[in-house]
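Encoded as structure tokens, the structure appears first; notes follow it.
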Amino acid sequence: MKFYVCIKQVPDVNAPLQIKNGQLIQDTDRNSLNAYDASAVEAALVLQEKHGGEIVAVLIGPDKAKETIRKAMAMGADSGVFIHSETDTYYDSYSYAQMLAAYFKNKEFNYIFCGKQSQDTDAGLTGSMLAELLGLPYVTNAVGLEFSGDVLLVRRQGDTGQEVIELPSPGLVTCSNDMNDPRIPNLKGIMQSKRKPVESVTSDELQAALSAVKTKILGYEEKPGREAGKKYEGEADEIARQVARILDETENVI
Amino acid sequence: MSTLLTYISVNDGKIKRSSLEVLSRCNELADIHNLTSSALIIDKDASNISEQLKAYGPSVIYTIENPVFKNHLNTPLLKALSLAVHSIKPLVVAFASTESTKDILGALSANLGAASLSDVSEFELTETGVKAKRPVMASKIVSSVESSDRLTLFTVRSGSYDVSLKTAETKVENIPFSFNDEELKITLKEIITASSDKVDLSEAETVIAAGRGVKDEEGRKLVEELASVLNAGIGASRALTEAGVYDPSLQIGQTGKVVSPQLYIGIGISGAIQHVAGMANSKVIVAINKDSDAPIFDIADYGIVGDLYKILPPFIDELKKVKSEK
Ligand SMILES: Cc1cc2nc3c(=O)[nH]c(=O)nc-3n(C[C@H](O)[C@H](O)[C@H](O)COP(=O)(O)OP(=O)(O)OC[C@H]3O[C@@H](n4cnc5c(N)ncnc54)[C@H](O)[C@@H]3O)c2cc1C
Ligand SMILES: Nc1ncnc2c1ncn2[C@@H]1O[C@H](COP(=O)(O)O)[C@@H](O)[C@H]1O
């Protein structure tokens, strides 16, 4: 079994940020492995532990994103592929999917795992775009994976329940973070990751694919604000009844 | 004349309100720009459902009917959508954001070479494409985005627009569609449906959300009692869906459902940004939490500081009285 996991480096969404003249400014440049991709790596590792096989982490990004490949390898991925892109350009899911498709075109594998979305943009498009570009069957929003023989059984969270889907190989899955708790790399993992190979890819063909952007960001703005309302502290019986009355009489929502 | 096409999401033979919200907005934009607004139903009972849809005034309702659409599966849905777009040639295709539409948006966009925007909270037409707003960075801020493609596909968060009825001359047009089982690249083996799953959270007028503070059976009983008094849908934070206490389809937030009820009551929920991402558009927010510094109080209209086990019984009791006085 050969698994590829597509991983992305994302800014830390918990870090403070500001908007100046429509531009997004983050107070730190702390970056991390996209949480959904960490779950995808974890899912691949669990399958590998049971059934064997090889896991390759693939990332498109600027130089500083290489540390994120190390993180995936410290978790246990066997090797990495680094596809270099310039930093100061805005790429959308469409262009990343084109570039990944160009990379995977002549590769052999059983399954590609993606995250279900990027934590910073919540786009959720790249995975199924890539599947379509490669002509692969796919399942999105996976919350559980297991093998039935050589075929993956994927449990996905649908609108009203969970759908269990048989996904033949080669195929693509996008992973929810609700499927597992990604392991924290231990010291041994971190040491080993330094000896694991990372292939750097800089081909004109792949770079050309990046120009496929279809959408652009015009700017950022604050969310229409919600102010903190009134806090009720004191004797439980009294404040509970008071708020209940207000919801009826003032807010008219009962 | 070019048309704005709204895909109508159907659940158990019923049109999802969120897709009527999208259709209503497209009707409005069509009027402004002198275009038409039409709708597309892909379902096993598409022609029956088209009757329900006429009250919302699309100029044409396109139907694609086939038994294969009994349950959601991306392969046939993609084929049908691609066929519909090729024959209708719309300017845009707008979807309500659901797990089923999110499943195919990217693939359809790659298939058609079209631009796509997911989970927008506002949209308008420009000379050359679509301009939209989308919450980003775990919904802490909003980005303004633009596509300048001949065809743009996008999904819209529930609660972004109001539903309005419209009287219009509506034509129904069936698009012939065939599908054989060999084309199914994936196989649906089973659907695990939660028993408590009957109220559609994203459409509920009142949502009670339970968090880690709801520790035990007694807490869950209180939550249920409150929900039944208020005829509310029950949702949960990730802390409780992950622990298996509530079904995963009830999770509210960045990874779960977006709710925008008239009244949201968060019980024992801290208010992590990823949870708030899914409920910040509620009209009235009430939070019950024993920690007066909990971040949920920063966005709550009414914050009740206290132990939920002590607050809920009199709260429920008072609401019962209010109800009985009506
Ligand atoms: C990528 C990503 C996506 C995520 N997506 C989601 C999502 O979609 N939805 C989601 O909910 N979370 C999501 N999370 C998780 C989120 O960050 C929080 O961990 C989670 O929302 C916490 O749930 P909670 O508020 O119930 O629990 P906690 O944060 O543990 O809060 C429990 C609260 O209960 C209060 N409490 C305890 N006992 C009582 C009592 N007796 N009476 C009153 N109050 C009491 C405490 O004061 C505390 O504030 C996501 C996280 C990540 C990283
Ligand atoms: N630059 C990238 N490098 C590698 N994989 C990526 C990249 N961007 C997106 N992906 C994959 O696509 C998923 C997110 O897609 P999206 O939400 O459309 O940005 C991620 O979870 C990754 O699996």
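The values are calculated or read from the model by the stated rules, or taken from the named source; none is laboratory data. Keep in mind the model is a prediction, meaning the values are calculated, not measured. Cβ placement follows ideal geometry from the backbone for every residue including glycine, while neighbour counts extend to all protein chains displayed. Quick note on the areas: whole protein, heavy atoms, side chains included, nothing else; ligands and nucleic acids left out. Shrake-Rupley method; radii C 1.70, N 1.55, O 1.52, S 1.80 Å.
Quick rundown of the values:
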{"read-out": "Modelled FRET efficiency - R0 30 Å, residue A:200 with residue A:30, Cβ distances, 0.05 increments", "value": "0.75"}
{"read-out": "At most 12 other Cβ within 10 Å, DSSP loop - GluC sites (Glu not before Pro), segment B:145-212", "value": "B:169"}
{"read-out": "Surface per residue (accessible, 1.4 Å probe) for the protein assembly as shown, Å²", "value": "41"}
{"read-out": "C-alpha long axis of helix A:93-104 to longest principal axis of chain A, angle in °", "value": "20"}
{"read-out": "Area hidden from solvent between A and B (accessible, protein heavy atoms only, 1.4 Å, total, Å²)", "value": "7500"}
{"read-out": "Two-decimal Rg/Rh across the protein assembly as shown, once Rg and the Kirkwood Rh are taken from alpha-carbon atoms", "value": "0.97"}
{"read-out": "Candidate lysines - alpha carbon under 16 Å from residue A:2, same-chain residues fewer than 8 apart omitted", "value": "A:50, A:105, A:107"}
{"read-out": "Reduction of at least 20 Å² in accessible surface, 1.4 Å probe, comparing all protein chains with the chain by itself, residues of segment B:265-298", "value": "B:273, B:274, B:280, B:283, B:284, B:292, B:297, B:298"}
{"read-out": "Listing of segment A:128-159 residues, each with accessible area lower by at least 30 Å² in the full protein assembly than in the chain alone (probe 1.4 Å)", "value": "A:128, A:129, A:132, A:137, A:138, A:156, A:157, A:159"}
{"read-out": "Shape of segment A:117-224, Cα gyration tensor, a/c cut at 1.5", "value": "rounded"}
{"read-out": "Segment A:95-254: antiparallel DSSP beta bridges as a percent of all, rounded to 5", "value": "60"}
{"read-out": "Segment A:2-209 shape via C-alpha gyration tensor axes, a/c threshold 1.5", "value": "rounded"}
{"read-out": "For segment B:130-164 and segment A:126-198, distance of Cα centres in Å", "value": "27"}
{"read-out": "Inter-chain shielding of B:143-156 (mean C-beta neighbours from other protein chains, 10 Å cut-off)", "value": "3"}
{"read-out": "Of all accessible heavy-atom area on segment A:132-254, the percent that carbon and sulfur account for (1.4 Å)", "value": "48"}
{"read-out": "Computed [θ] at 222 nm, helices only, for chain B once each DSSP H run of length n ≥ 4 contributes -39500 (n - 2.57)", "value": "-9000 deg cm²/dmol"}
{"read-out": "Whole-percent carbon and sulfur share, accessible surface of chain B, 1.4 Å", "value": "46"}
{"read-out": "Förster-model FRET efficiency, 30 Å R0, residue A:15 and residue A:108, C-beta, rounded to 0.05", "value": "0.15"}
{"read-out": "Backbone N under 11 Å from the residue A:235 label point (7 Å along Cα→Cβ), restricted to segment B:287-323", "value": "none"}
{"read-out": "Value in Å of the Kirkwood radius, where chain B supplies the Cα pairs that are averaged", "value": "21.1"}
{"read-out": "Averaged over B:179-191, number of beta-carbon atoms from partner chains that fall within 10 Å", "value": "4"}
